[in-house]
Amino acid sequence: MASSIVLKLACLVLVCTVAIAPLATADVSCGQVVNDLTPCINYVSNGGTVPENCCNGVKALYQAAQTTADRQSVCKCLKNAISGIPYTNYNLGLAAGLPSKCGVNLPYKISPSTDCSSVN
């Protein structure tokens with residue numbers, strides 16, 4: 001269950017990692033989000049060094065979500081995945097720090113309270 005929570009937090013972090021572009025049809029699936037972020041679960045759960053394959057997933061998801069629709073879809077997928085799942089501020093902090101640790105710069109705060117409809 002802790003792994004589920006961590007994956008969902010990692011997904012939330014990366015969901016917000018995907019914001020900047022014009023409107024279009026969403027091409028990024030929830031399955032892709034999960035696949036890209038699964039390598040981040042252990043890090044978001046326990047801390048330590050961010051695995052290379054985690055950063056590869058973060059970057060792949062960031063690159064895949066090229067449109068506003070993609071980014072909003074990723075955001076909604078992640079928010080649905082973590083709804084009702086307990087997590088700590090520690091886990092949230094680790095998840096929120098993933099983009100910068102992986103060299104992806106986001107112009108917004110990663111948070112469970114992110115309004116997906118405002119992700120551009």
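The values are calculated or read from the model by the stated rules, or taken from the named source; none is laboratory data. Model, not experiment: these values are computed from the prediction. A quick note on method: Cβ atoms are made from the backbone with ideal geometry, for glycine too, and the neighbour counts reach across all protein chains shown. Accessible surface is based on the protein model in full, side chains and every heavy atom, while ligands, DNA and RNA are left aside. Shrake-Rupley method; radii C 1.70, N 1.55, O 1.52, S 1.80 Å.
Quick notes on this one:
- Set of aspartates and glutamates with alpha-carbon distance to Lys79 below 15 Å, sequence-local pairs under 8 removed: Asp70, Asp115
- Share of carbon and sulfur in the accessible heavy-atom surface of segment 39-120 [1.4 Å probe, %]: 48
- The distance between label points at Asn80 and Gln66 comes to 2.4 nm (points 7 Å beyond Cα on the Cα→Cβ vector).
- Taken one residue at a time, the phi angles of segment 45-51 give Karplus couplings (6.51, -1.76, 1.60, θ = phi - 60°) of 7, 10, x, x, 8, 6, x Hz. Gly and Pro are set to x.
- Distance from segment 85-102 to segment 43-80 (C-alpha centre basis), Å: 12
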